[in-house]
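**Student:** First the structure, which I've put down as structure tokens, then a few questions once you've had a look.
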Amino acid sequence: MTLGWQTMMEFSPSLVGCTIAGGNFSFDLIRNSRECVINIPSAKLVDKVVGIGNCSGSEIDKFQEFQLTPVKASKVKAPMIQECFASLECKLADDSLIDKYNFFIFEVVKAHLAPTPKHPQTLHYAGNGEFMVSGKRISRRAGFRPEYL
């Protein structure tokens, strides 16, 4: 499944919120297991991201279909994707908004980050079939209070 919208909600504990469509195959799997892995792809996987979002895991094996490599996670049962530069192992922290908004709040229980590239070109879905790609970094570190870094 691909996510079109997610947000950081808290840093300690690390909480991530995301909306998952109620008719989505993954919706019931995640709701019942109360865990997932949020795999974060780089721009080079954009075509696979679109393809994965256009089909259902109830009908095909997405790892096989899109030639992706599953990797065993250490804290949850859902697999990580080797080709993604980061993976967040998550457990459901708050289910109070699922029925009303299809909004899941997860605690990140383990994070994995590839050592390279140091600053990957991450995908950000902008809607209407378009993505933005990160890449340019702007530092304002000197202007931050140390406790906020």
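The values are calculated or read from the model by the stated rules, or taken from the named source; none is laboratory data. Keep in mind that what you see is a predicted model, and the values were worked out from it rather than measured. Quick reminder, even Gly has a Cβ in these numbers, built from the backbone with ideal geometry, and neighbours come from all protein chains shown.
**Student:** So is Asp99 acidic (Asp, Glu), surrounded by 13 or more Cβ atoms within 10 Å (Cβ to Cβ) and free of Cβ contacts under 8 Å to residues at least 12 places away in the same chain or not? Please lay out each step first, then the result.
**Tutor:** Details: acidic (Asp, Glu): yes; surrounded by 13 or more Cβ atoms within 10 Å (Cβ to Cβ): no; free of Cβ contacts under 8 Å to residues at least 12 places away in the same chain: yes.
In short, no.
**Student:** Can Ser87 be described as surrounded by 13 or more Cβ atoms within 10 Å (Cβ to Cβ), closer than 17 Å to Thr122 by Cα and of a type in the set (S, T, N, Q)? First the steps, then the outcome.
**Tutor:** Values: surrounded by 13 or more Cβ atoms within 10 Å (Cβ to Cβ): yes; closer than 17 Å to Thr122 by Cα: yes; of a type in the set (S, T, N, Q): yes.
Taking the combined requirement at face value, the residue satisfies it.
**Student:** Answer yes or no: is there a residue in the stretch 66-79 that is more than 23 Å from Gly135 (Cα to Cα), of a type outside the set (A, V, I, L, M, F, W, C), in contact with a Leu (Cβ under 8 Å, 6 or more places away or on another chain) and touching a residue at least 12 places away in the same chain (Cβ under 8 Å).
**Tutor:** Scanning the stretch 66-79 turns up no residue that is more than 23 Å from Gly135 (Cα to Cα), of a type outside the set (A, V, I, L, M, F, W, C), in contact with a Leu (Cβ under 8 Å, 6 or more places away or on another chain) and touching a residue at least 12 places away in the same chain (Cβ under 8 Å).
**Student:** Hey, another quick one. Strands (runs of 3 or more DSSP E) wholly in the stretch 86-149 with at least 3 residues that are at pLDDT below 95 and closer than 19 Å to Thr2 by Cβ - which ones? Step through it out loud before you land on a result.
**Tutor:** Numbers: elements: 86-94, 103-113, 123-127, 130-133.
Counting at least 3 such residues, we get 123-127, 130-133.
**Student:** Separate question: Which members of the stretch 32-67 meet the condition of being part of a loop (DSSP other than H, G, I, E, B) and of a type in the set (Phe, Trp, Tyr)?
**Tutor:** Listed by number, the list holds a single entry, Phe66.
**Student:** For the stretch 111-128, which positions are surrounded by 16 or more Cβ atoms within 10 Å (Cβ to Cβ) and under 17 Å from Lys75 (Cβ atoms)?
**Tutor:** Passing the criteria: only His112.
**Student:** Is one or more of the residues making up the stretch 11-22 free of Cβ contacts under 8 Å to residues at least 40 places away in the same chain and either surrounded by 13 or more Cβ atoms within 10 Å (Cβ to Cβ) or acidic (Asp, Glu) (or both)?
**Tutor:** No.
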